[in-house]
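Working notes for the structure below.
The values are calculated or read from the model by the stated rules, or taken from the named source; none is laboratory data. Keep in mind it's a predicted model, so treat the numbers as computed, not measured. Note that we place each Cβ from the backbone using ideal geometry, even for glycine, and neighbour counts take in every protein chain shown. Quick note on the areas: whole protein, heavy atoms, side chains included, nothing else; ligands and nucleic acids left out. Shrake-Rupley method; radii C 1.70, N 1.55, O 1.52, S 1.80 Å.
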Amino acid sequence: TGKKYRAPELAKVAQMAVEDVNLNSGILSSHKLVLSINDGKCEADVVMKRFIDIIKTRDTSRFRSTVGMLGPACSDTVEPIAGVSKHFRTVVISYSAEGSISRDGSTSYPYFFRTIAENKEYKHAYIATFRQLGWSKVAALTQDGAKYSDYISTLQDEFQSNDIEFVMNRKFPKEATDMSMYLRDLKDRGAKIIIGEFYASSARLIMCEAYKSGMTQKQGYVWFLPGWFDDRWYDIDWLRRVKNKTEALQPGNESASFISNGGTI
């Protein structure tokens, strides 16, 4: 859960995977996997607290029998866990953290793995696309945080090596709600191809401001947004209905009759 990224369905998917492994006699036949679910809320301090709870449990056999951890989900929370995991020889496998730790840091994080490509790999797709479409000028709009800093710097170097002008990387703080200043800077610098790296809650504010500022496809602008947004991340009316229904499920309300994932508005 949390405000940055919500995917409660992942717990059910992980449990299904564990059950499939346990039922398959050809995989780990002499072992039985047990899944313990902890909600990190996509916050670094919460994720670290969950990790400490696991290693300091009074039941020492529990930690000794822990074969590894799936997660955390968000890039901003990965590095602290990956850093300490080597001291406990605990495997950490993230399924959605694209940034923060590069494969170049494998010696510093020997027990960290991911089942998704790191965001630095996107450079190949960007360069091939820009060449095909004849685009030679690009800018970035990014949210402050470890998730994007190294990635954008590497991307900038690659663009310049391939004769693509990188106008600027305009950053904004995670608590920002008025996006007019940041978009105005991009517009004044003549940037029409914009790589956006931010959470969905900020994306809604940015796209709304882009419409007001005349920075949409109609005016010749192209936006590259993260592919991990929910399908209806932009639908404010739908998100509001989901939020209201989710709040109706809180303890004390006995009239609620169904469950939904919710969304940040």
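Per the conditions (1) more than 16 Å from Y199 (Cβ to Cβ); (2) in a helix (DSSP H, G or I), the sole criterion not satisfied by D39 is (2). Once segment 169-206 is narrowed to residues that are among the charged types (D, E, K, R) and within 18 Å of L155 (Cα to Cα), the residue that is least open to solvent (accessible area, probe 1.4 Å) is E197.
Would you confirm, using the coordinates I've provided, whether A97 is touching a Lys or Arg at 6+ places or on another chain (Cβ under 7 Å) and either basic (K, R) or modelled with pLDDT under 85 (or both)? Yes; evaluated as a whole, the condition is true for this residue. Using the structure shown, decide if A117 is out of contact with any helix residue (DSSP H, G or I) (no Cβ under 8 Å at 6 or more places or on another chain), open to solvent by 40 Å² or more (accessible area, probe 1.4 Å), assigned to a loop (DSSP other than H, G, I, E, B) and within 26 Å of P226 (Cα to Cα). Taking the combined requirement at face value, the residue satisfies it.
Does at least one position in segment 62-84 carry a residue that is of a type in the set (F, W, Y), under 30 Å from Q160 (Cβ atoms) and either open to solvent by 70 Å² or more (accessible area, probe 1.4 Å) or touching a helix residue (DSSP H, G or I) at 6+ places or on another chain (Cβ under 7 Å) (or both)? No: zero hits.
Filter segment 38-60 down to the residues that are among the β-branched types (V, I, T) and surrounded by 12 or more Cβ atoms within 10 Å (Cβ to Cβ), then identify the one that is farthest from I81 (Cα to Cα).
Initial filter on segment 38-60 (among the β-branched types (V, I, T)): 46-47, 52, 54-55, 57, 60.
Now restrict to residues that are surrounded by 12 or more Cβ atoms within 10 Å (Cβ to Cβ): 46-47, 54-55, 57.
Numbers: V46: 11, V47: 8, I54: 12, I55: 12, T57: 17 Å.
Only one residue fits best here, namely T57.
Please specify each residue of segment 180-196 satisfying the condition of being outside any loop (DSSP other than H, G, I, E, B), touching a strand residue (DSSP E or B) at 6+ places or on another chain (Cβ under 7 Å) and free of Cβ contacts under 8 Å to residues at least 60 places away in the same chain. Matches in segment 180-196: Y182, D185, L186, I194, G196.
Would you confirm, using the coordinates I've provided, whether E209 is more than 22 Å from the chain's Cα centre (by Cα) and open to solvent by less than 50 Å² (accessible area, probe 1.4 Å)? So E209 fits the description; yes.
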